[in-house]
Amino acid sequence: MPRKKKQTKYIFISGGVTSSLGKGIAAASIGLLLKSRGLEVRLQKFDPYINVDPGTMNPFQHGEVYVLDDGSETDLDLGHYERFIDVSLNKFSNVTSGQVYDAVIQRERRGDYLGATVQVIPHITDEIKSRCTLLAQMDDNVDIVITEIGGTVGDIEAMPFLEAIRQMGLEYGPENTLFIHLTLIPYLKTSDELKTKPTQHSVKALREIGIQPNILICRTTRKLSRDIKRKIGLFCNVPPEAVIQDIDCQTIYEVPILFHCELLDNLIVHYLDLLCKDLDLEEWKKMVEKVKKPVHNVRIAIVGKYINLRDAYKSITEAFIHAGVPNDTHVELVWVSSEEIADEGVEKFISNVDGVLIPGGFGERGIEGKIEAVRYVRENKIPFLGLCLGLQCAVIEFARNVCGLKNANSYEFDQKTPHPVIHLMDEQRKITRKGGTMRLGAYPCNITKGSLAEKIYNKPKISERHRHRYEVNNEFRNVLGDKGMVFSGLSPDGALVEMIELQNHPYFIASQFHPELKSRPMAPHPLFKGLVEAALKYQKSKKVPSTKISASTLKNK
Ligand code: GLN
């Protein structure tokens, strides 16, 4: 390994008992705490599945695919990392078994292993370790690399990753590596008790493979008493002060604050002997207070097809929380199935909301319901934001109902349509392979002078992240434009429509890109902030008092 100016330290976060305990949020929260103590932090997620990336997976399998500036399609936990520590990650931040095996097999085919038998240990584990240290080697100033291991301890797929981090512990020593295990302390109602046994078993499973966790983060619905902490510590071989309570809370953005109250950052600084300043979380705390104590409430409908799986729209949900902050508003999301709109009519679902968002999506199912929702918001002047497929639906609706182009459609859904107002991008025509071949990542966009987009962004040039194959068909720009559709964002060469909007409507705007991927709690995305502002205005104009906020509506963790 080339010599570095400073020794990077490694924190590994594993999970036990069940999945979905919030490992990503724990990793992101630790990242924020250490960053706020002046340390240079990198975050990374290991995903043990064989897919090279989640881009080819169905949202029902995986939830949202989070796209980075460099175009990599990654796990949604990377969204939490970017939102909490406010950085732009890159392709090295998400490592899958697929990538690891692919690299090793390619090397084997080239003959690089010089006749050796290629094995999980050491070849696969070496490749995993090199992905861990890569983030540190790319930048001399990195103090900490935090690596989250996907899945749950005991999963067959995760074994090579756990073995690799065990070896890292040995090679870099306890002063440079720290193992944090996230686990669950379930509460049994019948006996009115918190149970520690599942945690004991999952730590036992870790220790069997040679990893002794240094810190346990315990998800719980109730406070952990000193006695319980002592008991967990005793059975799991950690001091009671290293048993950290991770109690359910109102917003995920509160987690770093609660971790700090448990002295988690002090503990990490102590264990890794880090030189750093005291914590400064003042601005973050102010933001969290605003999230927890909103003054107003608006109802925004999300009209989509994956609404039973909220993880499919994770970044959108978060972007609305961020957008609520400067508006002192809680955004109540009303999940509407586009298929139900098609079956039961639009009025029933979106007549009593203050705004509508149509998110991205793929395939024909539910499309007519979305188009109907666009018609309704356009005609009734309800604030609207369309994202990617949402923009495409807005164009189809306008072409059909305003321009009189009967049966206008996207080539994605109807290849025989007489008016393909949305068609396949030129560079997509020859592509047959599915993985990583869409128009992906950040592209520049010029904003049209005098447009609503210009007012919202307050700058002439922007850069936003994309994930799509289809685009507005330029042959229809004139017809659409003549009837009042404004192309308010264009690629710098003018060839691609990136944003559209309508005049004579308080807020009707859509983007071919995904603004939700760049929203941050301390820097809400202007398009979302604008939608919430418009929704508040719309609500006032209806003279309907803000809907009362119930505690359950506010719970989003
Ligand atoms: N299916 C559409 C396309 O590929 C929209 C994609 C999206 O919404 N992300 O262009």
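The values are calculated or read from the model by the stated rules, or taken from the named source; none is laboratory data. The model shown is predicted, which means the values in this text are computed figures rather than measured ones. Here the Cβ is made from the backbone with ideal geometry for all residues, glycine too, and neighbour counts use every protein chain on show. Side chains included, ligands, DNA and RNA excluded: accessible areas come from the protein's heavy atoms. Shrake-Rupley method; radii C 1.70, N 1.55, O 1.52, S 1.80 Å.
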Using a Cα-Cα cut-off of under 19 Å, which aspartates and glutamates could be cross-linked to Lys231, ignoring same-chain neighbours fewer than 8 residues away?
Asp192, Glu193, Glu241, Asp246, Glu262
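Decide, for the stretch 1-159, between rounded, prolate and oblate: order the square roots of the alpha carbon gyration tensor eigenvalues as a ≥ b ≥ c, take rounded if a/c falls under 1.5, and otherwise choose prolate if a/b is larger than b/c, else oblate. Let's see the in-between values first.
Working: a/c = 1.67, a/b = 1.18, b/c = 1.41.
Oblate, because a/c is 1.5 or more while a/b does not exceed b/c.
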Output the peptides 370-378, 274-282 sorted from most to least packed, where packing is the average of other Cβ atoms within 10 Å over each peptide's residues.
370-378, 274-282
Cα-centre dipole for the stretch 165-274 with unit charges at Cβ (Lys and Arg positive, Asp and Glu negative), debye to 20:
580
Electrostatic dipole magnitude of the chain [Cβ: Lys, Arg +1; Asp, Glu -1; Cα centre; debye, to 20]:
860
Longest principal axis of the chain (C-alpha) makes with the long axis of helix 226-236 (C-alpha) an angle, in degrees to the nearest 10, of 70
Can you give the angle from 0 to 90° between the axis of helix 159-172 and the longest principal axis of the chain, with both taken from C-alpha atoms, to the nearest 10?
60
Report, in degrees rounded to the nearest 10, the 0 to 90 angle that the Cα long axis of helix 367-380 makes with the longest principal axis of the chain.
60
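If the only charges are +1 at each Lys and Arg Cβ and -1 at each Asp and Glu Cβ, what is the size of the charge dipole of the stretch 86-130 around the Cα centre, to the nearest 20 debye? Each step should come with its number before you reach the end.
Details: 5 positive and 6 negative charges, 24 e Å.
In debye, rounded to 20, the stretch 86-130 gives about 120.
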Straight-line reach from Lys286: which aspartates and glutamates have a Cα under 19 Å away, not including same-chain ones fewer than 8 places off?
Asp86, Glu254, Asp278, Glu318, Asp328
So what are the ³J(HN,Hα) numbers for the stretch 16-31, from phi and the Karplus equation (6.51, -1.76, 1.60; θ = phi - 60°), rounded to whole Hz, Gly and Pro as x?
x, 6, 9, 7, 6, 8, x, 5, x, 5, 5, 4, 5, 5, 5, x
Between the residues Leu39, Thr18, Thr221, the Cα farthest towards the positive end of the dipole of the chain, that dipole coming from +1 and -1 charges on the beta-carbon of Lys, Arg, Asp and Glu, is from Thr221
Could you look at the chain and say what percent of its accessible area is carbon and sulfur, using a 1.4 Å probe and all protein chains?
51
Kindly provide the helix-only [θ] at 222 nm of the chain, computed as the sum of -39,500 (n - 2.57) over DSSP H runs of four or more divided by all residues, to the nearest 500 deg cm²/dmol?
-10500 deg cm²/dmol
For Val334, list long-range residues whose amide hydrogen, built 1.01 Å from N in the peptide plane, is under 5 Å from its own amide hydrogen.
Ile300, Ala301, Ile302
Run down the lysines and flag those whose C-alpha is under 27 Å from the C-alpha of Lys483, throwing out any fewer than 8 positions away in its chain.
Lys370, Lys381, Lys406, Lys416, Lys449, Lys455, Lys459, Lys461, Lys537
Return the long-range amide H neighbours of Thr74 (sequence gap of 5 or more, or a different chain), with a cut-off of under 5 Å between placed amide H atoms.
Tyr66, Val67, Leu68
Residue farthest toward the positive end of the dipole of the chain, with Cβ of Lys/Arg at +1 and Asp/Glu at -1: which of Asn141, Val67, Cys261?
Cys261
For the charge dipole of the stretch 354-433, defined by +1 on Lys and Arg C-beta atoms and -1 on Asp and Glu C-beta atoms about the Cα centroid, which residue among Gly369, Gly386, Pro420 has the Cα displaced farthest towards the positive pole?
Pro420
